[in-house]
Amino acid sequence: MFRKFVAFALVVSCSSAAWSDDAKEDVLDGTWLPSAAELAGNKFPDEVRKAIRLELKGDEYTVTVGMKPDRGTCKRNPSAKPKTLDITGVEGPNEGKTILAIYERNGDTLRVCYDLSGKSRPAEFKTTAGSQLFLVEYKLQQP
């Protein structure tokens, strides 16, 4: 159950077929590793965080936690304020589930805040005790 939660929580990103020069920071393709994470106001366990790998290509993602892959697609809106993601699992532990998130990229850093309940979208990059909000900061390993 915990792996399903982690795998789905780390899913992020889609990219569009056409990008302007101004939108280069919105291209999210590559391999991302989480450098920090918090869940419901608490630091996420380092041993789990270090076992996670996120690969993004186009509108598809693969998250691997240990040896368990989770794959899916997402729809993103880079013109929203904050930018938004609608993520849908299509294979693995989160098949058929949808989660709403917000994101921002700054160079080789990507921040994503997810509402793991799937009921609403976070309004800011912050988690609170008792919530199902999950905030992750990723570092780009391979473009």
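The values are calculated or read from the model by the stated rules, or taken from the named source; none is laboratory data. Because the structure is a prediction, the values reported are computed rather than measured. Virtual Cβ from ideal backbone geometry, glycine too; neighbours counted across all protein chains shown.
What the table shows:
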| item | result |
| --- | --- |
| Looking only at the range 82-105, and only at residues there that are more than 13 Å from the chain's Cα centre (by Cα) and either of a type in the set (Asp, Glu) or at pLDDT 95 or above (or both), the one that is nearest to LYS139 (Cα to Cα) | PRO82 |
| Count - residues of the range 128-143 that are more than 11 Å from the chain's Cα centre (by Cα) and surrounded by fewer than 21 Cβ atoms within 10 Å (Cβ to Cβ) | 10 |
| Those residues of the range 126-143 which are in a loop (DSSP other than H, G, I, E, B) and in contact with a Phe, Trp or Tyr (Cβ under 9 Å, 6 or more places away or on another chain), in sequence order | THR127, GLN132 |
| The lone exception for GLY72 - which of (1) under 19 Å from TRP32 (Cβ atoms); (2) of a type outside the set (A, V, I, L, M); (3) touching a Gly at 6+ places or on another chain (Cβ under 9 Å); (4) modelled with pLDDT under 95 it fails | (4) |
| Residues satisfying the stated conditions in the range 56-98, i.e. more than 23 Å from SER120 (Cα to Cα), hydrophobic (A, V, I, L, M, F, W, C) and assigned to a loop (DSSP other than H, G, I, E, B) | MET67 |
| Scope the range 59-78; condition of a type in the set (Gly, Ala, Ser), closer than 17 Å to VAL112 by Cβ and exposed (fewer than 14 other Cβ atoms within 10 Å of the Cβ); matching residues | none |
| Residue match in the range 105-115 (condition: crowded, with 18+ Cβ neighbours inside 10 Å, among the aliphatic types (A, V, I, L, M) and assigned to a strand (DSSP E or B)) | yes |
| Residues satisfying the stated conditions in the range 38-52, i.e. surrounded by 13 or more Cβ atoms within 10 Å (Cβ to Cβ) and part of a loop (DSSP other than H, G, I, E, B) | ALA40, GLY41, PHE44, PRO45, ALA51 |
| Condition broken by VAL48, with the remaining ones in (1) touching a helix residue (DSSP H, G or I) at 6+ places or on another chain (Cβ under 8 Å); (2) farther than 13 Å from PHE134 by Cβ satisfied | (2) |
